[in-house]
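So the structure is just underneath, and the comments pick up after that.
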Amino acid sequence: MSGSRTRRTQPRTEALRRTVGVRGVAVALLLLAAAGCAGSGAPALAPLPGSEAVLRSELFFGRLKPDGTVVTDAEWRAFVAEHVTPRFPDGFTVLDAVGQYRDREGRVQTEPTKILLLVHGPDVRPRAAIQELRDVYRRLFQQESVLLIESPARAGF
């Protein structure tokens, strides 16, 4: 009795495998086709009226100094007043964060961080000013680096 069940199950299992295999190939082809359409470069959404193409620059300023002290709020405010505001008088945003990274010796470090968010045109002046800010901060507060993330964006005011 158990032998007849085995014989009936095997053809069903074979048919199921073929069906799943064919469906799997069909799904894979469908995904590939969709990926090809997504890679066409066409924007997913039309720009809102009144918006323009800009760059979004995010600078991550770690506040932990090599001697173990932290860039104080007063030191940060002075840096912003003396170096950021003159370069970006039209405005910017500062966010508080906690960052984590691996230092040059391979140790994981966690530190308080300030994120400076700038929205600006793609011309040379703001990009040069951003690099100046990074260089000044590294020098003033003995930092290994200041992370910069740039991305295209659209903005309207």
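Read the figures in this text as sums done on the coordinates, not as results from a lab. Just so we're clear, the structure is a prediction, and the values are computed from it rather than from any experiment. Here the Cβ is made from the backbone with ideal geometry for all residues, glycine too, and neighbour counts use every protein chain on show.
Lys/Arg Cβ at +1, Asp/Glu Cβ at -1, dipole of the stretch 52-155 taken about the Cα centre: which of VAL108, HIS83, GLN143 is farthest positive-ward? Farthest along the dipole direction, towards plus: VAL108. Charge dipole (Cα centre; +1 on Lys/Arg Cβ, -1 on Asp/Glu Cβ; no other charges) of the stretch 52-155 amounts to roughly 140 debye.
Could you please tell me the mean projected area of the C-alpha convex hull for the stretch 90-157, averaged over all directions and given in square nanometres to one decimal? All intermediate terms of the calculation are to be shown ahead of the outcome.
On the way: hull surface 23.3 nm².
In nm², the orientation-averaged hull projection of the stretch 90-157 is 5.8.
Placing +1 on the Cβ of every Lys and Arg and -1 on the Cβ of every Asp and Glu, with nothing else charged, gives the stretch 105-157 a dipole about its Cα centre of roughly 120 debye.
Would you mind calculating the gained length between LYS65 and VAL136 on full extension (0.36 nm times residue separation, minus the Cα-Cα distance), in nm to one decimal? Walk me through the numbers before you get to the answer.
Values: separation 71, 0.36 × 71 = 25.56 nm, distance 1.44 nm.
The span from LYS65 to VAL136 would gain 24.1 nm if fully extended.
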